[in-house]
Every structure is written in structure tokens, then in C-alpha cells.
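Trainee: Structure provided below as C-alpha cells; questions to follow.
The values are calculated or read from the model by the stated rules, or taken from the named source; none is laboratory data. Note that the structure is predicted; figures quoted are calculated from it, not measured. Virtual Cβ from ideal backbone geometry, glycine too; neighbours counted across all protein chains shown.
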Amino acid sequence: MAGVRVPLSAAGRSRFGLTWWGRAWVQALEGRSAISEGRLSRGRTYARRGAARTILVEPGRVRASVQGSDPKPYVVRVGLPVLGAAEWERLLDTVAAQAGHMAALLDGELPVGLADDAEQADVQLLPGRGELTATCSCPDPVVPCKHAAAVTYLVADALDRDPFLLLLFRGRDRETILKELRVRRGGEAGPADAAGSRGDEGVLASEAFARTPAPLPVPPLPGARPGRPAPPTGPAPPGLDIAELTALATDAAAHAHELATGAGEGGLDLDFDADLGRFASAMFTRAGEMANLVHRAGVDLADLVTRARAWREAHPTHE
């Protein structure tokens, strides 16, 4: 099974693990490995210096050339036990039972829920205490040395780029895993199909198009009032204001309700100025939201208040 060489970009980085899998690796490294904090600290410093430009991820080990004080780079090997066949079977069976995780993997993504699947299957994906081993060609008698500790942090950088490398580190590459999952899903031909047996022959196109289509169901009537967005769950992604998003979704629902009930044009016929006044009229008493709208729309507060009042005068039923 071929290894994967990964270019690194950790030089000058303030922290390691920018994605969920990268952070999970760092947490396991710092919380469960047998490497001392002193060595980990020196390893972080070396990694930030850009001492290694690439790492090679293979089943059971990671290799890297790390530039130290000697002109010739040191050769570092970090080992992690591969999973046994029985462990892989349990893990893949558990994943196959989770439709969402199965779909994500087959779509080329490594869902964060895979960590829970592994725990449920009694399989250790992230390194446990004492699992990581390291060797280095440097003369430092302490194991692991700072060069090897640096490489353990650079693995997080590699996982930020491609979290499937964790599975390769544990013994199986992406193609092998996806093939196993397709077999469990029934997506590959079995022995009978391979031998040339014919399955469902389907329906001739001429027959399908000759059929009279069934009548469409009567569309459901809209409710008496527009719906409201469900409360968000979990923390907001960076750069996203949940209150703003909720306000926009609520406004869109009101537009849709007007169109569905025939009560109005849903605001689709309004120009920018009129629509801004309509939107502002709904937040007259919420100073924080008005201030934010001023910033977003690029108008001053007095102008926005004037537009909102004009809208309320012209459309008293929208208050």
C-alpha cells in the first residue's frame, strides 16, 4: 500500500489543528500520549520554524526529514499501531449502520461522527497512551527528541488537509475503505452478477411515456401565520451572526406566506429603498438590530428611521 506525501504549511503557526480532526489529534497527543509536556513544547517550537516541509504517511508510520542544527536533515519515524482485521470489520460494520456517516464517507468526506462510531465499535482511531513511538537519527539520547515531537504536531497539519490520512496511518487507505463500504451497501456486483446473471430489466421507455400520469395531489393550504425558524443548535460558525440569520429567515418566511395566501406580492415588487424601509420598520424598538442594519445597508440612522416611519404610515397592517 503506497504512502501519501503531504506538503506542510505550519511555519509561523500560532496553534495546530485548524479542523475538527486536526484538533482531535492534538488533544489526543497532549492529553493521552506518554510524551512529556517539555518535549511537546519544544516540538511545537520546531514545527513552527518550518523544520520539516513534507511528511510521508504510511500504514503504521509517518516519516519526515527534519532540519536541525546539523547541515544534514535528521530522519524521523513516528509509529502508530495499525488496526487489526477484526477491528476494521467492527468499525466498518458500525459505519454501515449509520446512513449519514456512510453517505459522507462514500462522498469523500470524513464525518466527525466517525470518532463516535469507532468508540461504539471499541476501536481506537486517535492515538492512545503509549501508542505513539518515535525514532530519530539525531544524537539526542532522550526519546522522543524534539525533532520527533515536532513531527507529531505536523501530523495535525496533514489531517487538516486530508483527514483520511488518519485511517491510512491506522492501516487502510481511502480506496480500500470505500470499496469495503460499497460492498456493505450492496453497490458492487456479487458473484451471480459477475457470472452474467440478469437482474431487474426495468421498463421500456416507450411504455413509461405511454402511461397516463396520475393526477397531482392538491397542494396543502398555507397556515394562518408564517412559520418561524427553528432555534439553532450548537455554536455558530465563525463569521455568522445567528440573530441576523434568524431575522432574515423570518422575513423570508413572511414573504413566502404573503405569496402563498395571495395577501400581497411578498415584497418582490419593491425597490431597494422601499424594501429597506419595510425591513427596518419591523425592528423599530430593537436599537442593536437597527444599528447593525445601518452598518450593513450603508445609510445613516436618521435616514433609516425616516424610511421605516414612511413604510409604517403607508402600510399600517404590516406593523
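Trainee: Among the residues in the range 213-232, are any modelled with pLDDT under 80 and touching a Lys or Arg at 6+ places or on another chain (Cβ under 9 Å)?
Mentor: The answer is no; no qualifying residue exists.
Trainee: Would you mind listing the helices (runs of 4 or more DSSP H) fully within the range 108-179 where at least 2 residues are closer than 21 Å to Arg77 by Cα? Show your work before the answer.
Mentor: Working: elements: 114-120, 146-161, 164-169.
It comes to 146-161, 164-169.
Trainee: List every residue pair whose Cβ atoms sit under 8 Å apart, with the two residues 6 or more apart in sequence or on different chains, where the first one lies in the range 236-257 and is within 30 Å of Pro220 (Cβ to Cβ) and the second, anywhere, is among the basic types (Lys, Arg).
Mentor: Thr250/Arg228; Ala253/Arg228; His257/Arg225
Trainee: Further, regarding this structure: So, of the residues in the range 136-157 that are under 33 Å from the mean Cα position of the chain (by Cα) and β-branched (Val, Ile, Thr), which turns out to be farthest from Gly22 (Cα to Cα)? Before the answer, list the steps.
Mentor: At the first step, the residues of the range 136-157 found to be under 33 Å from the mean Cα position of the chain (by Cα) are 144, 146-157.
With the extra rule that they be β-branched (Val, Ile, Thr), the set shrinks to 151-152, 155.
Values: Val151: 13, Thr152: 11, Val155: 8 Å.
Filtering the range 136-157 for residues that are under 33 Å from the mean Cα position of the chain (by Cα) and β-branched (Val, Ile, Thr), the one farthest from Gly22 (Cα to Cα) comes out as Val151.
Trainee: Next question. Of the conditions (1) closer than 13 Å to Val155 by Cα; (2) touching a Lys or Arg at 6+ places or on another chain (Cβ under 6 Å); (3) in contact (Cβ under 8 Å) with a residue 60 or more places away in the chain, Leu56 satisfies every one except a single condition; which number is it?
Mentor: (3)
Trainee: Still on this model: Given Ala150, Ala121, which one is in the same structural domain as Ser33 (by the TED database) and either of a type in the set (Phe, Trp, Tyr) or within 25 Å of Arg39 (Cβ to Cβ) (or both)?
Mentor: Working: Ala121 fails: either of a type in the set (Phe, Trp, Tyr) or within 25 Å of Arg39 (Cβ to Cβ) (or both).
Selected residue: Ala150, the only one of Ala150, Ala121 that is in the same structural domain as Ser33 (by the TED database) and either of a type in the set (Phe, Trp, Tyr) or within 25 Å of Arg39 (Cβ to Cβ) (or both).
Trainee: Hey, among the residues in the range 274-319 that are among the acidic types (Asp, Glu) and surrounded by 14 or more Cβ atoms within 10 Å (Cβ to Cβ), which one's modelled with the highest pLDDT? Talk me through it step by step, then tell me what you get.
Mentor: We begin by selecting, within the range 274-319, every residue among the acidic types (Asp, Glu); these are 275, 289, 300, 303, 313, 319.
Among the residues that remain, those that are also surrounded by 14 or more Cβ atoms within 10 Å (Cβ to Cβ) are: 275, 289, 303.
Working: Asp275: 79, Glu289: 73, Asp303: 85.
Among those that are among the acidic types (Asp, Glu) and surrounded by 14 or more Cβ atoms within 10 Å (Cβ to Cβ), it is Asp303.
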